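Following: one structure in structure tokens, then a few remarks.
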Amino acid sequence: MAAMAILASCQPSEAEKAQLLMTQIEQLRKEKKYKEVLDSIRSLRVKYPQAVEARRRALTIWQDASLKLTQADIAKTDSALQSVLAEIRQKASPIIPTRLRIRRDSLQIRYDALCATVRTIYKKQKE
């Protein structure tokens, strides 16, 4: 029994294991690998549900990584939207082809949703 207790005490605690993963997460963040950051934080939440302090720190990193990914997606979506709008202007016809209208509307909705996501993240970061 005593040997089992000693062996168990030598094992890293859940908090220590979570800290190792947090170190990796912080390194990924520095490398701007935001998708991997989010995946690692998901893993942290599943593997170490009792590591409250690590999860609390991970929440801030999660918000930051989500914000960066969303901002990059906004830039891509805006670029595609501007391209479609330019194509519509070039048609110089009052009748816009259906495929362009659908594409424009789809991109506009995506753009609006992404902007709402950014606003929500900013609001959560202020709390």
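Overview of values
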{"quantity": "Scan of the range 55-79 for residues that are under 25 Å from residue 20 (Cβ atoms) and open to solvent by 50 Å² or more (accessible area, probe 1.4 Å), ordered by number", "calculated": "55, 56, 57, 59, 60, 62, 68, 69"}
{"quantity": "Number of positions in the range 26-53 that are in contact with an Asp or Glu (Cβ under 9 Å, 6 or more places away or on another chain) and open to solvent by less than 70 Å² (accessible area, probe 1.4 Å)", "calculated": "6"}
{"quantity": "Selection count, the range 80-120, where residues are of a type in the set (S, T, N, Q) and either surrounded by fewer than 11 Cβ atoms within 10 Å (Cβ to Cβ) or not in a helix (DSSP H, G or I) (or both)", "calculated": "3"}
{"quantity": "Residue 125 open to solvent by 70 Å² or more (accessible area, probe 1.4 Å) and either farther than 30 Å from residue 56 by Cα or in contact with a His (Cβ under 9 Å, 6 or more places away or on another chain) (or both)", "calculated": "no"}
{"quantity": "Pairs, first assigned to a loop (DSSP other than H, G, I, E, B) in the range 43-57, second of a type outside the set (Lys, Arg) and at pLDDT below 95, C-beta under 6 Å, six or more apart", "calculated": "48/14; 48/18; 50/14; 51/14; 51/15; 51/18"}
{"quantity": "Matching residues in the range 20-38 - criterion: being in contact with a Leu (Cβ under 9 Å, 6 or more places away or on another chain) and closer than 19 Å to residue 70 by Cβ", "calculated": "25, 34, 35, 36, 37, 38"}
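Matching residues to (1) in contact with a Ser or Thr (Cβ under 9 Å, 6 or more places away or on another chain); (2) at pLDDT 95 or above; (3) of a type in the set (Val, Ile, Thr):
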| residue | (1), (2), (3) |
| --- | --- |
| 4 | no, no, no |
| 17 | no, no, no |
| 31 | no, yes, no |
| 38 | yes, yes, no |
| 87 | no, no, no |
| 99 | no, no, no |
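The values are calculated or read from the model by the stated rules, or taken from the named source; none is laboratory data. Because the structure is predicted, anything quoted here is derived from the model rather than measured. Reconstructed Cβ throughout: ideal geometry from the backbone, glycine too, with neighbour counts over all protein chains shown. Note: areas computed on protein heavy atoms with side chains; ligands, DNA, RNA excluded. Shrake-Rupley method; radii C 1.70, N 1.55, O 1.52, S 1.80 Å.
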